[in-house]
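Worksheet for the structure shown next.
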Amino acid sequence: MFNLSTQEVVLSIEKSPLKIVHGTIYQEYRDFFGKGFKLPTLENKNFVKLEFQEDRPRARLDYNDELMKKIKVFFMNTNITRALENKFNTELQFSSADIWIDNAGYKLEPHTDDDRIKLSLQIYLSDKNEGTSLYDKEGNVQYTFPFKFNHGYALYNGVYSDHGVEEVENDGRTSLYVRYQ
C-alpha cells in the first residue's frame, strides 16, 4: 500500500463529481488509489475489537501496526485534505483512520456519524460483499455503493447523511475508513 501516490488520490477526488441527492452530499470513487493498486497482505496482522462494538463481528487493524501508521500519515497529507476541502467546500482536519474487517452477520443500522466527524471516506479493500447504504429519514435505502476493490465514497456528515450496512453475508468485508473533522 505504500507505493501510493498522493497525486492518484487527489486526481480521484478531483475527477469524481460531488453528488447531492435528497440533501445527502457525497462523492463516489472508482479506482481510488489508481488502477495498479495492490493491497499488502493483512494475514498475520493483529486485529482488535472496536470499542463499543465488542459484540459485533467487526475488528480493526491495531493502531500500532506499521501499515496503520503509514495510512494515517498518508491521509494527513495536505494535498489530499485540500482536494477534499475544495470538493466539499469546507475546512477539514484529519482525525483518524481504520482498516476494518467485517464478518458474516455484521450489520450497522442507519445512523449519522458523531458530530465531531465532518467527512468520512470509505474505500473497499476486498470484493463481493455488501456496500454501505444511504437511507432517507424513514429508514428506506436510497442507494448502496457497489462493494468493489479500490472503490468507495466520501460522505459529508449532516442532517441527511444516514448510512449503514445491511447484514454482511460473507466473511472478510475489508475496508479503509478515514475521518476528518
- Note on the structure: Taking r as the C-beta separation of SER5 and TYR177 and R0 as 30 Å, the FRET efficiency to the nearest 0.05 is 0.90
- Message: For the pairs LYS15/LYS69; LYS35/LYS148; LYS38/LYS69; LYS45/LYS118, flag any whose C-alpha to C-alpha distance is greater than 21 Å.
- Response: LYS15/LYS69; LYS45/LYS118
- Got a number for the accessible area of LYS137? Probe 1.4 Å, square angstrom, nearest 10. 110
- Note on the structure: Expressed per residue, the solvent accessible area of region 1-77 in Å² (1.4 Å probe) is about 62
- Item | FRET efficiency, 1/(1 + (r/R0)^6) with R0 41 Å, evaluated for VAL21 and LYS72 via beta carbons | 0.85
- Query: How much solvent-accessible surface does SER5 expose, in Å² to the nearest 10, with a 1.4 Å probe and all protein chains in place?
  - Reply: 40
- Per the C-alpha gyration tensor (a ≥ b ≥ c, the square roots of its eigenvalues), region 1-71 is rounded if a/c is under 1.5, else prolate if a/b beats b/c, else oblate; here it's oblate
- Message: What does the extension gain come out to for GLU167 and LEU39, with contour length at 0.36 nm per residue minus their alpha carbon separation?
- Response: 43.6 nm
- Message: Under the rule that an exposed site lies in a DSSP loop and has at most 16 other Cβ atoms within 10 Å, name the longest stretch of the chain with no GluC sites (Glu not before Pro) of that kind, not counting the sites themselves.
- Response: 92-137
- Message: Can you classify region 41-86 as rounded, prolate or oblate using the Cα gyration tensor, where a ≥ b ≥ c are the square roots of its eigenvalues, rounded means a/c under 1.5, and otherwise it's prolate if a/b beats b/c and oblate if not?
- Response: oblate
- Item | For the chain: relative contact order, % (alpha-carbon pairs under 8 angstrom, 6 or more apart) | 28
- Query: Label-point separation (nm) for VAL48 and ALA104, each offset 7 Å from Cα along Cα-to-Cβ?
  - Reply: 2.9
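The values are calculated or read from the model by the stated rules, or taken from the named source; none is laboratory data. Values in this document were obtained by computation on a predicted structure and should not be read as measured data. Methodologically, a virtual Cβ is constructed for each residue, glycine included, from the backbone with ideal geometry; neighbour enumeration extends over all protein chains shown. Just the protein is used for accessible areas: all its heavy atoms, side chains included, with ligands, DNA and RNA removed. Shrake-Rupley method; radii C 1.70, N 1.55, O 1.52, S 1.80 Å.
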